[in-house]
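The values are calculated or read from the model by the stated rules, or taken from the named source; none is laboratory data. All figures in this text were calculated on a predicted structure; none of them were measured in a lab. Cβ: placed from backbone, ideal geometry, glycine included. Neighbour counts: every protein chain shown. With ligands, DNA and RNA removed, areas are computed over all heavy atoms of the protein, side chains included. Shrake-Rupley method; radii C 1.70, N 1.55, O 1.52, S 1.80 Å.
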Amino acid sequence: MPPNNQSFEIILGSSSTARRQILSEMGYEFTIMSADIDEKSIRKEKPEDLVMALAEAKAEAIMSRLAITDHLKELTLPTLLITADTVVVYEGIIREKPSSREEARQFIKDYSGGIARVVGSVVVTNLVTGSRKGGWESAEVYFLDIPDEVIDGLIEEVIILNVAGGLMLEHPLTLPLIDTVIGTSDCVMGLSKTLTEKLVQEAL
């Protein structure tokens, strides 16, 4: 765990509530900036390549905004920008955020009694030295049968449209219907703690 007298600054380049929560649990203090990139404009065949490309694009977008405001010149402490991306792979098909409630419903229905693979990237950029370290992790989620009323309940919540593959492991409706997770739950939620910790140390 980082000491309370954290000797560097962190910017989390994500508007994800889950990522914010995970980074807080790791003991870090940080500020938040969102990247606002057109994720659909970046296409890769392999999920691992896609999540890395998206996390790097988010970093570039935020660095451009910081450069415009001269913020990069004003940095006094080592400052790390953490960006991440997550996709779900179901039967070999990459799933990003659902584009509609209908698509979200189909995604969740498919998971019933099935398996989803989650691939998540983390990219840490040192804004002072320019050093950038990145990597990805994956996890498999095995589902019990998901009743229609649970699917209805999940679809009612707009937040489901903001998560990769409509898969929200930590949701109170979803959690009891998870049979097993092979890998870490924080990877499924959008930010692997062990990977992030390793990349932070490497980027400093």
For this session: Could you tell me whether segment 120-127 includes any residue that is of a type in the set (Val, Ile, Thr), more than 30 Å from Pro78 (Cβ to Cβ), open to solvent by less than 70 Å² (accessible area, probe 1.4 Å) and touching a residue at least 24 places away in the same chain (Cβ under 8 Å)?
Result: no
Exercise. Among (1) in contact with a Gly (Cβ under 8 Å, 6 or more places away or on another chain); (2) modelled with pLDDT under 95, where does Arg19 come up short?
Worked result: (2)
Seminar exercise, completed: When segment 57-78 is checked residue by residue, the ones that are in contact with a helix residue (DSSP H, G or I) (Cβ under 6 Å, 6 or more places away or on another chain) and either free of Cβ contacts under 8 Å to residues at least 60 places away in the same chain or assigned to a loop (DSSP other than H, G, I, E, B) (or both) are Leu72
Problem set entry | Leu23 vs. criteria touching a residue at least 24 places away in the same chain (Cβ under 8 Å), on the phi < 0 side of the Ramachandran plot and surrounded by 15 or more Cβ atoms within 10 Å (Cβ to Cβ) | yes
For this session: Considering each residue of segment 143-188, count those that are surrounded by 15 or more Cβ atoms within 10 Å (Cβ to Cβ), of a type in the set (Val, Ile, Thr) and under 22 Å from the mean Cα position of the chain (by Cα), and give that number.
Result: 8
Exercise. Of the residues Lys97, Lys40, Lys44, Lys58, which single one is closer than 17 Å to Val124 by Cβ and among the charged types (D, E, K, R)?
Worked result: Lys58
Exercise. Quick check, is Lys109 touching a residue at least 60 places away in the same chain (Cβ under 8 Å) and of a type outside the set (Ser, Thr, Tyr)?
Worked result: no
Exercise. Under the condition of being open to solvent by 70 Å² or more (accessible area, probe 1.4 Å) and closer than 24 Å to Tyr90 by Cβ, which residue from segment 45-69 is nearest to the chain's Cα centre (by Cα)?
Worked result: Asp49
